[in-house]
Amino acid sequence: MGKLTTLAGAGVVLSICFLVGCSTGDDGVTRMIFAAGQDPSGATAALIEEYNASHPDVEVTFQVMPANTDTQHDAYVTYLSAQESSIDLYSLDVIWTAEFARAGWIRPVPAGLFDEQEFLSGPLESVMYEGTIYAVPWFTDAGLLYYRSDLLEKAGLPVPETWSEFTRACTSVADPAGIEGFIWQGAKYEGLVCNFLEVLWGRGGDISAETLRDSPERAVRDVESTIDFIRELIETGISPASVLTYKEEESRRLFTEGQVLFLRNWPYVWSIAEDEESSVKGTIGIAPLPHAEGETGYSTIGGWNIAVSAYSRHPEEAFEFLAFITGERSLSLRAIEGGYLPTRKSSYGDPDVLAANPHYSGFFDVFQNTRNRPRTPHYPIASDIIQENVHRALTGEFDSHAAAESIVTEMAAILSR
């Protein structure tokens, strides 16, 4: 979407907010706005209605934001840069916390608002910036390995855990079946960053600020060897060369059409794969992503958090609503009605949640080992650095060593700001 369109969208949101406003009226009712993406299930709207009914002195309005994440981000930035107070609470992508906190746009969460131990570690880490909690985890997401359980069982093979087991399974099962071995998201966009980091982490590598500061030479070696490893997957036919053009849906369609043995994708794929129109219904499984021998596999965390605006005129009431909308019951209801993956551990043991989503037990296992993308106020720049260098190296435009040096040098500069 072009910049003019994005800013126009932001302007629409702004005009709505100015018209609705947020204040305490003559009737003594405190009116607040909660901005978030659309919830087609209606669960969020129902929870807000319930909250309003039980708090006659408060009225929360659900402001539906644009579906496009970049458009939503630009609308927020435009609004908060103007220090406007109409919106009291914002839903934030997990990669935005540092940017919004550093800019002073969101308030630190008061101590004791929630018990940190009740949340999954990955989502909890995503709401922190420089040791301070600035939001509460709302719903989560993470990379998963989907596989054809019927084909592995027929071949008498277990679900592979290491990359060596994984590549052997692709060679012995996918090739004879005439299907692709491994499909993932390799186009030059944010999905490539997630896929690249998962392979890097699973091979013992890292590009955190600490690693880039203390061990830059090692970081270059790890990044270079990871790029070479991914390129080898393509050169040996484990993954087709066309994977470098795939995003989520292109890769998902191939899997649900029965053309792939292994797929790396997000949890949303499960319900589509189990739909009546899916060619693989009843024949799939989920597992953690592969890792190198002696290492641990990690999934990139996604999802959304909720923060209170620094310009809200009603911070006390806003935090009270925040505690409700991210509470155990609220997260469980959204999981049951809308399939949103909870950030609270207890929801994965809720009989009603599991009855509606039996596959959540498998998701929970994966969510024990998740990691966040580099947390920096300048994340869009950091993402572009990784995307550009990794994609060009995988397509042969860049030498892998030069790409690795560029990533490490430029990321170190970004993360040290």
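The values are calculated or read from the model by the stated rules, or taken from the named source; none is laboratory data. As the structure is a computational prediction, the values presented were derived from the model and not from experiment. Please note: Cβ atoms are built from the backbone with ideal geometry, for glycine as well, and neighbour counts cover all protein chains shown.
Please go through segment 63-95 and pick out each residue that is crowded, with 16+ Cβ neighbours inside 10 Å and of a type in the set (A, V, I, L, M, F, W, C).
Within segment 63-95, Met65, Ala75, Val77, Leu80, Ile87, Leu89, Leu92, Val94, Ile95 meet the criteria.
Could you check how many residues of segment 153-168 are of a type in the set (A, V, I, L, M) and out of contact with any Gly (no Cβ under 8 Å at 6 or more places or on another chain)?
Matching residues across segment 153-168 total 2.
Pull up segment 176-189, narrow it to residues that are touching a residue at least 12 places away in the same chain (Cβ under 8 Å) and surrounded by fewer than 22 Cβ atoms within 10 Å (Cβ to Cβ), then point me to the one that is nearest to Asp150 (Cα to Cα).
That would be Ala177.
If I filter segment 331-338 for residues that are in contact with a Phe, Trp or Tyr (Cβ under 6 Å, 6 or more places away or on another chain), crowded, with 24+ Cβ neighbours inside 10 Å and over 30 Å from Glu180 (Cβ atoms), do I get at least one hit?
For segment 331-338, residues in contact with a Phe, Trp or Tyr (Cβ under 6 Å, 6 or more places away or on another chain), crowded, with 24+ Cβ neighbours inside 10 Å and over 30 Å from Glu180 (Cβ atoms): present.
If a residue has to be surrounded by 15 or more Cβ atoms within 10 Å (Cβ to Cβ) and either touching a Lys or Arg at 6+ places or on another chain (Cβ under 9 Å) or of a type in the set (Ser, Thr, Tyr) (or both) to count, how many in segment 33-55 make the cut?
Residues in segment 33-55 being surrounded by 15 or more Cβ atoms within 10 Å (Cβ to Cβ) and either touching a Lys or Arg at 6+ places or on another chain (Cβ under 9 Å) or of a type in the set (Ser, Thr, Tyr) (or both): 6 in total.
Going through segment 168-194 one residue at a time, which ones are polar (S, T, N, Q) and farther than 14 Å from Leu152 by Cβ?
The one that is polar (S, T, N, Q) and farther than 14 Å from Leu152 by Cβ: Gln185.
What are the residues in segment 117-151 that are among the acidic types (Asp, Glu) and over 23 Å from Ser271 (Cα atoms), if any?
Glu118, Glu125, Glu130
Among the residues of segment 358-417, which ones are assigned to a helix (DSSP H, G or I), among the charged types (D, E, K, R), closer than 30 Å to Ala101 by Cβ and in contact with a helix residue (DSSP H, G or I) (Cβ under 8 Å, 6 or more places away or on another chain)?
Residue satisfying the conditions is Glu410 alone.
Output the number of residues of segment 226-243 satisfying the condition of being surrounded by fewer than 19 Cβ atoms within 10 Å (Cβ to Cβ) and part of a helix (DSSP H, G or I).
8
Right, Val223: at pLDDT 95 or above, surrounded by 24 or more Cβ atoms within 10 Å (Cβ to Cβ), out of contact with any Cys (no Cβ under 7 Å at 6 or more places or on another chain) and of a type outside the set (Gly, Ala, Ser) or not?
For Val223, the condition - at pLDDT 95 or above, surrounded by 24 or more Cβ atoms within 10 Å (Cβ to Cβ), out of contact with any Cys (no Cβ under 7 Å at 6 or more places or on another chain) and of a type outside the set (Gly, Ala, Ser) - is met.
Within segment 132-178, can you find the residues that are of a type in the set (D, E, K, R) and either assigned by TED's automatic domain parsing to the domain that holds Val308 or under 25 Å from His359 (Cβ atoms) (or both)?
Within segment 132-178, Asp141, Arg148, Asp150, Glu153, Lys154, Glu161, Glu165 qualify.
Scanning for something within 19 Å of the chain's Cα centre (by Cα), crowded, with 20+ Cβ neighbours inside 10 Å and assigned to a loop (DSSP other than H, G, I, E, B), does segment 144-166 turn up at least one residue?
Looking through segment 144-166, none of the residues is within 19 Å of the chain's Cα centre (by Cα), crowded, with 20+ Cβ neighbours inside 10 Å and assigned to a loop (DSSP other than H, G, I, E, B).
Does Ser330 satisfy being free of Cβ contacts under 8 Å to residues at least 40 places away in the same chain and assigned by TED's automatic domain parsing to the domain that holds Thr30?
No.
Taking the options Glu161, Glu116, name whichever one is of a type in the set (D, E, K, R) and touching a residue at least 40 places away in the same chain (Cβ under 8 Å).
The unique qualifying residue is Glu161.
Every residue in segment 340-356 that is surrounded by 19 or more Cβ atoms within 10 Å (Cβ to Cβ) and more than 15 Å from Trp138 (Cβ to Cβ), please.
Answer for segment 340-356, where residues must be surrounded by 19 or more Cβ atoms within 10 Å (Cβ to Cβ) and more than 15 Å from Trp138 (Cβ to Cβ): Tyr348, Asp350, Val353.
If Glu198 satisfies every condition in (1) under 20 Å from Ile414 (Cα atoms); (2) buried (at least 18 other Cβ atoms within 10 Å of the Cβ); (3) not small (Gly, Ala, Ser) but one, which is the exception?
The one condition Glu198 does not meet is (1).
Failed condition for Ala209, given (1) among the aliphatic types (A, V, I, L, M); (2) at pLDDT below 95; (3) more than 23 Å from the chain's Cα centre (by Cα), with all others met?
Failed condition: (3).
Of the numbered conditions (1) without any contact (Cβ under 8 Å) to a residue 60 or more places away in the chain; (2) closer than 24 Å to Gly122 by Cα; (3) part of a loop (DSSP other than H, G, I, E, B); (4) of a type in the set (D, E, K, R), Glu210 satisfies every one except a single condition; which is it?
Result: Glu210 fails condition (3) only.
Between a first residue in segment 223-235 that is within 17 Å of Ala402 (Cα to Cα) and a second residue that is outside any helix (DSSP H, G or I) and of a type in the set (Val, Ile, Thr), which pairs have beta carbons less than 7 Å apart while being 6 or more apart in sequence or on different chains?
Listed pairs, sorted by first residue: Val223/Ile207.
Can you spot a residue in segment 255-271 that is assigned to a loop (DSSP other than H, G, I, E, B), in the same structural domain as Trp163 (by TED's automatic domain parsing) and of a type in the set (A, V, I, L, M)?
no
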